[in-house]
Every structure is written in structure tokens, then in C-alpha cells.
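Report on the structure given below.
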Amino acid sequence: MARSIEFNFSHVFDGIVWKTVAVPEKNMLVLEVRNSDKKRATFSALDSRTGQFHWRDILFDEPWWISLGAAAGDVVIFTLYLETNNPDKKAVFAYHLLDRKILWWNNDYSLVSVSNVHVKGISSKYGSRSVTLDLLTGNEVSGVGVIYETLDRVVRPHQYLADNEYFATVKTFLERKFNLVPVTALEYLEHDSIIFVSLYVQEDELANYLLIMSSEGKVLLQEKLDEHLKGIGLDTFFVFSGCVFFAKNKAELVSYRIV
């Protein structure tokens, strides 16, 4: 039986959908949205299958010099930039995904990775050294071996630049079948008997399209993601929890369910 897609949900935000982190244990996505005009970053958590928000547009005390780091279990890690002229001066804090409260704070820490138990990072207090923290308490722990980073179970496309042999193969196919002439780069993914291609074409300026096809070559979706671009992006779409997600016009998160 051929696979297809059906519209799931979309949400428009007041800013650019800057970063998305998956929380597979909860089937949730945590989003960072940045609005450069207002100099503020807001954060939202939603159910990846239904699109319902667990919380939306949270603004912390530091409205701009903050970013979404990682998530594992019930914990989301955020990075704070303590000195705007020195990006190496960082702090982190842990936020409970469900209880919506700050669990702990560390004023001298650069995040490297997280697991369901530990946080791995770098402290500069006594020279640059690797420090492991307990995920729930933020207390330093010792004697920990290799920390295996939590897999987010997100399926991401492969990017091919214009000088890549595979780019030329896909370009020939798109030109012959759809009269589309990709330039610069494209992203390609075959997943669950569906083909996803994110490509750039030259219009007045650079434009980004997403083409989704069945394994038989039937077009399931052809969507313009953005236009008037100065450069290319990375991970312009991804698949998680049986759905494909992409940002349209930078500010709209769109989801289609694979059926």
C-alpha cells in the first residue's frame, strides 16, 4: 500500500522559528522563536502529534541573550550568554518541561550534551575542564564514564551542494519531471516509502521549495517555504513521531502526518 501524507497542523509565531528540539519520551517539540525587532526570544512546547501546546511563548527574565540548548526526559536545558561581547561566557539553567519551573542554575557552564541522567559540559572556573552534572539537581557528579547523548529520534535530510555528484542526479530528475532547476544546494530524504526534496531555485532572488513524493513518483506536496533568500539553510525539514515538519516563511511551523 502506497504511503501518503495528510495535513496535521500549523502555528504562526511572532518571530523566526529559530531552533527545534525533540523530546521523544513525551512526543513533544520545544521551539525557540526569535524576534530581532523586539529583541526577544520566546519558547514553546507542543505535542508533535496533535499540535496542542503544553506551554507557549514563554519569556524568561533575560529576553534576548538566551537560547534553547537540549532536552531529555522532563528537563529542558537553556543557555544564557553572560557577556554580550564574549560568547564564551555562558551559564545554563534547567527547566522542568511539565511543571514549568526552574530546577537549577549554573553560572559557569558551556553545554555539550545531555542524557536522561546527566548533563555534560565545560567549566572555565579552574581552567577549561569537563564537568558532568546531575540532570535533575545540577550537582556535579564524578566517576561517570562515557555519557551517551540522548537520541532525539529525529530523521533529518542529507544536504548536497551543487558540486556533488548526487546533486546532479537529482537535478536531472527534477528538470525532466517537474521543470524545476535547482541551484546551490538541495536536501534529500527517503523515509517510510516517501521521498522528500528541499531545493533552491533562482527566481527574482533565491527561493526554497519542498517537494514530497510517493515512492511511485506521485507528487504529494509542493510548497514554497521561503523566498528572497540571501543564502541556503540546513535541516529545512525533518521527520519526527510519524510526521514531517517544516517552517514556512520562517514564522509558521507546519506539520503533515505520514499515513
What percentage of the solvent-accessible surface of the chain, computed with a 1.4 Å probe over protein heavy atoms, is contributed by carbon and sulfur atoms?
47 percent
Which label belongs to the value computed from this structure, given these candidates for percent of Cα pairs over 24 Å apart: (1) 51; (2) 46; (3) 54?
(3)
State the extension gain, in nm to one decimal, for the chain segment bounded by E175 and V117, taking 0.36 nm per residue of separation less the distance between their alpha-carbons.
16.0 nm
Can you bin the stretch 199-243 into rounded, prolate or oblate? Criterion: square roots of the alpha carbon gyration tensor eigenvalues sorted a ≥ b ≥ c, rounded for a/c under 1.5, prolate for a/b above b/c, oblate for the rest.
oblate
Just how much of V244 is accessible, in Å², when a 1.4 Å probe is used and the result is rounded to the nearest 10?
0 Å²
Ignoring everything but the protein chains, give the 1.4 Å probe accessible area of Y95 in square angstrom, nearest 10.
10 Å²
Taking a probe of 1.4 Å, how large is the accessible area per residue of the chain, in Å²?
51 Å²
Angle check, please: helix 165-178 long axis (alpha carbons) against the longest principal axis of the chain (alpha carbons), in degrees 0 to 90, nearest 10.
50 degrees
For the stretch 113-233, what relative contact order do you get, as a whole percent, if you take Cα pairs closer than 8 Å and at least 6 residues apart?
13 percent
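The values are calculated or read from the model by the stated rules, or taken from the named source; none is laboratory data. No experiment lies behind these values; they were computed from the predicted model shown. We work out accessible area using only protein heavy atoms, side chains counted, and drop any ligands, DNA or RNA first. Shrake-Rupley method; radii C 1.70, N 1.55, O 1.52, S 1.80 Å.
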